[in-house]
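Please treat every number below as a calculation from the coordinates, not as lab data. All values derive from a computational prediction rather than experimental measurement. Here the Cβ is made from the backbone with ideal geometry for all residues, glycine too, and neighbour counts use every protein chain on show.
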Amino acid sequence: MADLSNDEANDLAEEILLRSEFLPAREPGLFSRSVDRVLSEVGDFIAWIFGSVFGGSGGAAGNVLAIVLLCVAAVVLITAVVKAFSGRVRTPDKDNSAGTRVVFDEVVAPQQLQVELSRHRAAGEWRPAVIAGFRLSVVGLIEANIAREVAGATTGDFATAVERRRPELLSAYRSGASSFEQAFYSDFEIDESHMIKVEALLSSLAVAEQPS
């Protein structure tokens with residue numbers, strides 16, 4: 001195996017730790033619950049069929065009827081699963097075509113975030129303005145290849161990426177992340193000072209993206 005530099009080893013470790021198998025377990029989503037419900041209902045239906053047919057006398061005719069009903073149940077199950085799965089996989093294609101990004105396990109549209117930031121800031125609604133602004137800064141980190149777009153990544157994960165790849169932005173990032181965490185997770189009062197920290201981060205990213 002070829003020797004890796006410290007930076008290459010750190011990048012590899014970060015990529016491995018952010019894989020889905022290492023992320024905290026989450027509750028089953030709507031799709032999983034729907035499929036489980038369909039499977040359970042079809043299973044109950046099949047059990048009822050066999051109980052009705054083989055519970056009494058039916059002979060060869062009963063056997064044929066059971067096979068026919070079982071085939072119908074299988075077709076219904078396959079159709080339901082295929083339709084559910086098709087609806088599941090079409091959404092990311094639509095999102096990708098709209099230029100969306102995954103930030104903190106949510107799909108966001110940068111243009112919409114910019115609209116929300118401007119609207120809430122103009123109205124003095126600091127909490128939603130801070131949240132929209134910081135999410136927009138994370139999109140900037142992803143698009144500048146400073147951080148990876150990984151579902152479930154946290155503010156700490158992004159801080160590690162910034163420290164490793166653009167350490168000069170770390171101070172601004174940490175200030176902005178602190179404002180975001182207070183706005184998103186706490187009931188503390190959020191004022192313009194929190195917004196200023198997020199805007200400083202956005203400005204630092206804009207300067208960093210300019211060609212030298």
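Scan segment 106-134 for residues that are more than 21 Å from Tyr185 (Cα to Cα) and either within 21 Å of the chain's Cα centre (by Cα) or surrounded by 19 or more Cβ atoms within 10 Å (Cβ to Cβ) (or both) and jot them down.
Ala109, Pro110, Gln111, Gln112, Gln114
Name the residues in segment 134-157 that are assigned to a helix (DSSP H, G or I) and farther than 24 Å from Ser118 by Cα, would you?
Selection gives Gly156, Asp157.
Checking Phe158 against (1) among the hydrophobic types (A, V, I, L, M, F, W, C); (2) crowded, with 17+ Cβ neighbours inside 10 Å; (3) in contact (Cβ under 8 Å) with a residue 24 or more places away in the chain, which single condition isn't satisfied?
(3)
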